[in-house]
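Participant: There's a structure below that I have some questions on.
What follows is calculated from the coordinates using simple rules that are stated; it is not laboratory data. Just so it is clear, the model here is predicted, and its values are computed rather than measured. Note that we place each Cβ from the backbone using ideal geometry, even for glycine, and neighbour counts take in every protein chain shown.
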Amino acid sequence: MNIELRVNEQDFRLVVEPDERLLDVLRNRLGLIGTKEGCGEGECGACTILMDGKAVNSCLVLAAQAVGHELMTIEGVGDRLHPHPLQKSFVELGAVQCGFCTPGMILSAKALLDRNSQPSEEEIKEAMSGNLCRCTGYDKIVKAVQRAAEEVAR
Amino acid sequence: MNEAVVGTRIEREDGWGKVLGETHFPADVNRPGELYGAVLRSPHAHAHIRSVNVRAAAALPGVVGVFTAENVPHNAHGVLFRDQQVLVSECVRMVGDPIAAVAAETEKIAREAIARVEVDYEILPGLFDPEEAMKPDAPALHPDMHGPSNVLYHLPIRRGDMQAGWTKADVVVEKEYRTQMLDHAFLQPEAVLAYVDERGHLVVKVATQYAHYDRGEIAHALGLKYSQVRVKTMAVGGAFGGREDISLQIIAGLMAWTLRKPIKMENTRTESFLSHSKRHPMRLYYKTGATKDGKLVALEAKIIGDAGAYSSWSPNVVRKAAIHATGPYEIPNVQIDSYAVLTNNPYSGAMRAFGAAQPVLAYESQMDLLAEALGLSPLEMRLRNIFHVGSVTATGQMLTSSVGMAKCLQALTPYLATKGDAS
C-alpha cells in the first residue's frame, strides 16, 4: 500500500505491506537505525519514538497507523553540533553504557520534559518505567534527566 | 603511575554515537544483495533425530539454501570442549538445539521455510535434576566426549583436619540452599552479518565478548584457515557473559561461505532465550561450625552446579564457586566438593561473577544463623572471622595486601546500627 509518513520534519512517500510495523519501516526503508528492537512485544522500550510528542513503542504500531502523525526518532532529536540537553547530559553523567536502550530512554525523557519541564524524581521514574536498561544504569539515567531539565529550564 | 583520572568522570569515547542513534549494532548493518537466515530449533529437551526432510522448505519460492548437519564440514564448537554441534546431527540435548538453517530472500520467507522442515524425533526421557544425573546408573548424555558419567567436573578442596574442627565446634548449622537459573537478557538480541569480501575472506560482523575465539571456531567448523576468517566486533548491546559462546556466528558464516552471498540473521527475543547460556542453578549443602566465641572452626560444603546440556564454561564457573565457598572468612578446617553436572536443561555458562555469586547466599546465611545461635550481632560474627592481611584461604593462598573487608565493615557500622542491623 502507498502511504505518506512525516518523520523528523521530513515527508516520505512509501510503499509498505499492510502488516508492516512502523519499527521496520523506520529501520529498513528509511535507514533510521537509531530505533532499536529488543523484544518485539512492547516490554523493553528500545524502539520508543515520539508520535505527536507522545512516547510510543514503534514495534506495536503499524506503519499505516502512523499516517497523519508527526513522528520523531532519535535522529531528529539533535546532532553533534546541536545536541539536545538530554543527549549532552546522558554523555556527561555516564548514563550511557551499552547504549542499546539509550535512544528509547532519551525519547521517553524528551516526551516528559516537553510536557513537564520541572519533573520530580518520581515523575521521571514513572515516565521512564517503560524503558529497560539491563546494564542497570537507572540511577545515572534519572540524574541525567534531572540535569537536562535544569538546562531546559534555564 | 598517573592516578589523575581516578575519581574523575571520563566521557565515554562511544557515548556520543550512542545518544545520537549513530552507533552500529550488528542488526544495524547490511550488504547489498544480502539474504536472510533463520534457524529451526528443537522443541524437545532430549531426542534422537531419525531423519530431517528439507524438501518442502527448499521448494518454497525465495529460498536459496537449506542447511543441516551434513553441510557442516567440522560440526563442533565450544569454549573448553567442542561438545556442541553447529547443527545437530543425531542427538538433541536441550530445547533450542539448532537442527536446520535456511537462507532466503526475505525474513518472512526464511521463517516460513524453517516451519516446513520436517524432523522425525524419537523423544527420549530427559534428565532435568542434576543430582539424578550424577547417579552412576543415569544415562550418559555425552558418552563420546565426556565418558560414562554426567559429572563433567569435580573440584575437591581440603584444608586442616575436619575431625578436630568439629570437636572444637560449640554450635553447628547445617542447611541446604538453592539458587535459580537466570538469563542475562542483554537488551540487544543476537544478530550477525556474514559475507565474503573482495579478498575472498569470510567476514563475520557480530556483537561478541570473544572475537578471537569466534574466529577460531568459525575457521575450524568451516575448514578454513584463520587467515581466511575476519571477525569484526560491532557495538555490543549488553553481554554479561552471555556472548562468550558461539551463537549465530558459524551458521551465518557457513551459509555466506557456501552460497557466496551476504547473510543477515537476527534472533527474536524468544530465540535469544532459547539459544544462549544461563547462570548455573546451584545446590549448596553447607555445614558450618563455630566456637562459643564466634570463631569459625569447620566448613563442609557440597556444591552442585547444573551445567545443562553442554560444558561451555562450567568447569571454570564451578571451580570459582568452590574457591569462594568460605566467603571472605577464615576457616581452618575445610572440606569443599564442587561439581558440574550435565543435564538436559539449557546449558549454563558465564554470567556476571562467574560462579562467585551463588555461594554468597549460602555462606552469608550461615553467618546470620550462627550469629543468632551464639547471641552475637551479625556484624560482630563477621568481624571476628573476616579476612585480613596474613589470612590464609581454603585453597592455601596467603593474602598479602589490599584486604579491605574489616575496614569496610567498620565504616558501615554506624549505618548498620541505625537500620541495617536488625539485632
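Participant: As an exercise, identify the GluC sites (Glu not before Pro) in the range B:111-217 lying in DSSP coil whose Cβ has no more than 11 other Cβ atoms within 10 Å.
Facilitator: B:Glu198
Participant: Using alpha carbons only, how many angstrom separate the centre of the range B:192-234 from the centre of the range B:361-423?
Facilitator: About 48 Å separates the Cα centre of the range B:192-234 from the one of the range B:361-423.
Participant: A follow-up question, please. Under the definition of partner shielding as Cβ atoms of other protein chains within 10 Å of a residue Cβ, what is the mean value for peptide B:185-192?
Facilitator: Mean shielding count: 6.
Participant: All other residues with a Cβ under 15 Å from the Cβ of B:Ser42 taken together, and with Lys, Arg as +1 and Asp, Glu as -1, what is their net charge?
Facilitator: It works out to a net charge of -3.
Participant: Shifting gears a bit: Distance between the C-alpha centers of the range A:71-149 and the range B:290-309? Whole Å please.
Facilitator: After rounding, the separation between the Cα centres reads 45 Å.
Participant: Further question on the same structure: To the nearest Å, what is the center-to-center distance of the range B:78-144 and the range B:18-62, using C-alpha atoms only?
Facilitator: The range B:78-144 and the range B:18-62 have Cα centres spaced 16 Å from each other.
Participant: Could you check the spin-label model distance between A:Val15 and B:Thr233? Points 7 Å from the Cα along Cα→Cβ, value in nm.
Facilitator: In this crude spin-label approximation the distance works out to 4.3 nm.
Participant: Tell me the net charge near B:Pro156. Cut-off is 12 Å between Cβ atoms, B:Pro156 excluded, with +1 for each Lys or Arg and -1 for each Asp or Glu.
Facilitator: So the surrounding residues net to +2.
Participant: Would you be so kind as to identify all helices of chain B, as entire DSSP H runs, whose Cα atoms reach 20 Å or more along the helix's own axis and whose mean Kyte-Doolittle hydropathy is at least 0.0?
Facilitator: In chain B, the long hydrophobic H runs are B:358-374.
Participant: For n ≥ 4 DSSP H runs only, could you compute -39500 (n - 2.57) per run for chain A, divide by its residues and tell me the 222 nm figure to the nearest 500?
Facilitator: Computed ellipticity for chain A at 222 nm equals -9000 deg cm²/dmol.
Participant: Give me the compactness ratio for the range A:85-153, meaning the Cα radius of gyration over 2.2 N^0.38 Å.
Facilitator: The value comes to 0.95.
Participant: Something else about it: Using the per-residue mean of other Cβ atoms lying within 10 Å as a proxy for protection, in what order, highest first, do the peptides B:50-56, B:230-236 fall?
Facilitator: Ranking the peptides B:50-56, B:230-236 by packing returns B:230-236, B:50-56.
Participant: Once both labels are modelled 7 Å past Cα along the beta-carbon direction, what's the B:Glu70-B:Arg55 spacing in nm?
Facilitator: Spacing of the two 7 Å Cα→Cβ label points: 1.3 nm.
Participant: Considering only the other residues whose Cβ falls under 14 Å of the Cβ of B:Gly305, what net charge follows from Lys and Arg at +1 and Asp and Glu at -1?
Facilitator: After counting each charged neighbour, the total is +3.
Participant: With each label point set 7 Å from Cα along the Cα-Cβ vector, what nm distance links B:Cys408 and A:Glu4?
Facilitator: Here the modelled spin labels are 6.3 nm apart.
Participant: Binned at 10 Å from 0, what are the whole-percent values of the Cα-Cα distance distribution for the protein assembly as shown, short to long?
Facilitator: Using 10 Å bins, I get a P(r) of 3, 15, 21, 22, 20, 13, 5, 1, 0 for the protein assembly as shown.
Participant: Where does the range A:2-76 land on Rg/Rh, using Cα atoms and the Kirkwood Rh?
Facilitator: 0.91
Participant: May I pose another question? Please check which bits of the range A:86-101 a label hung off A:Ser117 would reach, taking the label as a point 7 Å along Cα-to-C-beta and the cut-off as backbone N under 20 Å.
Facilitator: It comes to A:86-90, nothing else.
Participant: Another one. Farthest toward the dipole's positive end in the range B:1-144, which of B:Ala47, B:Thr68, B:Ala115, given Cβ charges of +1 (Lys, Arg) and -1 (Asp, Glu) about the Cα centre?
Facilitator: Checked the options; the winner is B:Ala115.
Participant: Where does chain B land on the Kirkwood hydrodynamic radius, alpha-carbon pairs, in angstrom?
Facilitator: By the Kirkwood definition, the hydrodynamic radius is 24.1 Å.
Participant: With N residues in chain A, what two-decimal value do you get for its Cα radius of gyration over 2.2 N^0.38 Å?
Facilitator: In units of the globular-protein estimate, chain A measures up at 1.01.
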